Amino acid sequence: MKRNVIIDCDPGIDDSLALMLALSMEELNVVGITVVCGNSPVHMGTGNTGKILRFMNRLDVPVFAGAEAPLKREFADALDTHGRDGLGESFLPEAEGFCPKTGAVDFLAKTLREKPCSVIALGPLTNLALLYEQDQEAFGQMEELVSMGGNFRSHGNCSPVAEYNYWADPDGAAKVYQAMEEIGKKITMVGLDVTREIVLTPDLLAYLRRLNPEVGGFVEKITKFYFDFHWRQEHLIGCVINDPLAVAYFADRSLCDGFDAYTQVATDGLSTGQTVVDSMGFYGKRANSLVLTRTDPVRFFTMFFGRILGTDEKSLDLIPRLVRRETL
Ligand code: RIB
Ligand code: CA
């Protein structure tokens, strides 16, 4: 049965791949996309969302711009990773006929009050924190909240201990995790412990291009910069595509597993943005998060390629030989 979902994102290269996947999945009804400042300033991320919707021929999906800055901290983009245009310096033209609105938080509140709906958050949690501040009842109506962010045992990517989405707005992340504790629900943390296993390699990209030159060519266009960044930054041949895993997991829970825990987010000092996961129950507090720790990259890429190409996953027999095995 199709599940209603709002995708809150900061496109962003891997956000764009996640949007392509979400819009290709018959299990999901993407009722809207909200944009938050993160990888790109919010106006740039909104325009990039339009470019992806244009490519996917889905300009029917409503898009709402949200927070222009984190709750308290200075806004810090990640254009060094995602390129000057936030889309791998593909410099795609703005999508004709794309008419985004503002008011992301109002859209979230209205939709969550109207019908059963979940949120997949792929950027900093600023919009979700503002939703909680503005309308706690609507926030509590979220069927599920799945967030790409944080890390348990994996090292950070913005500091030794912090992952970008939660480092960029630690106050927003902390408020959302506190809110989940208050309403007695659990946020699903799709953190670096699992997303670091999702490496798009040159071989996988070549395979995608062979299978479908148009889709493969588009993915290559927006990821080339990201490949170069990963080589410079980590001497990695490939690029970690974090966000699509959150979408894939939402549709198929067998893709990852993990454990329930009480989690807090550090909001100042040396460990700003760190997710402090109480895996041993030191605080004796009820779990407010499901922390994912294991995934299967072969199954992920088989699903990812199968859906964005609209092809039978059984035909993608090369993938097991092309997926990178070792964890970063
Ligand atoms: O740390 C990775 C996350 O931060 C991804 O969502 C990426 O798009 C950036 O938003
Ligand atoms: Ca993102």
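Computed values, structure above
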{"read-out": "Whole-Å semi-axes of the ellipsoid equivalent to segment 21-170 (Cα gyration tensor, √5λ, descending)", "value": "22, 22, 15"}
{"read-out": "Contact order normalised by residue count of segment 1-130, Cα under 8 Å, 6+ apart, percent", "value": "35 percent"}
{"read-out": "Tail fraction, Cα-Cα pairs, segment 120-180, threshold 18 Å, whole percent", "value": "32 percent"}
{"read-out": "Charge tally in the Cβ shell below 10 Å around residue 66, where Lys, Arg are +1 and Asp, Glu are -1, residue 66 excluded", "value": "-4"}
{"read-out": "Residue among 319, 81, 247 farthest towards the positive dipole end of the chain, charges placed on Cβ", "value": "319"}
{"read-out": "Euclidean distance of C-alpha centroids, segment 54-117 and segment 281-328, integer Å", "value": "25 Å"}
{"read-out": "Area accessible to solvent at residue 201, 1.4 Å probe radius, in Å²", "value": "10 Å²"}
{"read-out": "Signed unit charges on C-beta, dipole axis of segment 253-299, positive-most listed residue 266, 280, 291", "value": "291"}
{"read-out": "313, 137, 68, ranked by accessible area, largest first (probe 1.4 Å)", "value": "68, 137, 313"}
{"read-out": "Normalised convex hull volume, segment 219-328, alpha-carbon set, Å³ per residue", "value": "152 Å³"}
{"read-out": "Violating pairs (Cα-Cα greater than 25 angstrom) within the set 186/314; 224/314; 110/285; 2/110; 2/72; 101/186", "value": "186/314; 224/314; 110/285; 2/72; 101/186"}
{"read-out": "Total formal charge among the other residues, if their Cβ is under 14 angstrom from that of residue 222, Lys/Arg +1 and Asp/Glu -1", "value": "-2"}
{"read-out": "Tail beyond 13 Å, pair distance distribution of segment 160-200 (Cα, percent)", "value": "63 percent"}
{"read-out": "Cβ charges +1 (Lys, Arg) and -1 (Asp, Glu), total dipole of segment 64-164, debye", "value": "260 debye"}
{"read-out": "Cβ-based charge dipole, the chain, positive-most Cα from 180, 237, 93", "value": "237"}
{"read-out": "With every protein chain in place, segment 62-183: carbon and sulfur % of accessible area (1.4 Å)", "value": "49 percent"}
{"read-out": "Convex hull volume per residue for segment 171-269, taking Cα atoms only, in Å³", "value": "150 Å³"}
{"read-out": "Principal axis dimensions, largest first and in whole angstrom, of the chain by Cα", "value": "51, 44, 40"}
{"read-out": "Segment 235-288 - Rg (one decimal) and Dmax (whole number), Cα, Å", "value": "15.1, 43"}
{"read-out": "Debye log10 I(q)/I(0) for segment 1-102, one point scatterer per Cα, at q = 0.11 Å⁻¹", "value": "-0.30"}
{"read-out": "Helical contribution to [θ] at 222 nm, DSSP H n ≥ 4, -39,500 (n - 2.57), averaged over the chain, rounded to 500", "value": "-12000 deg cm²/dmol"}
{"read-out": "Rounded accessible area per residue of segment 116-225, 1.4 Å, Å²", "value": "33 Å²"}
{"read-out": "Descending Cα extents along the principal axes, segment 172-224, whole Å", "value": "50, 20, 17"}
{"read-out": "Descending semi-axes in Å of segment 72-135, equivalent ellipsoid built from Cα gyration tensor", "value": "27, 18, 11"}
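The values are calculated or read from the model by the stated rules, or taken from the named source; none is laboratory data. Predicted, not measured: the structure shown is a model, and the values here were computed from it. All Cβ positions, glycine included, derive from the backbone under ideal geometry; neighbour counts span all protein chains shown. Surface areas here come from the heavy atoms of the whole protein model, side chains and all, with no ligands, DNA or RNA. Shrake-Rupley method; radii C 1.70, N 1.55, O 1.52, S 1.80 Å.
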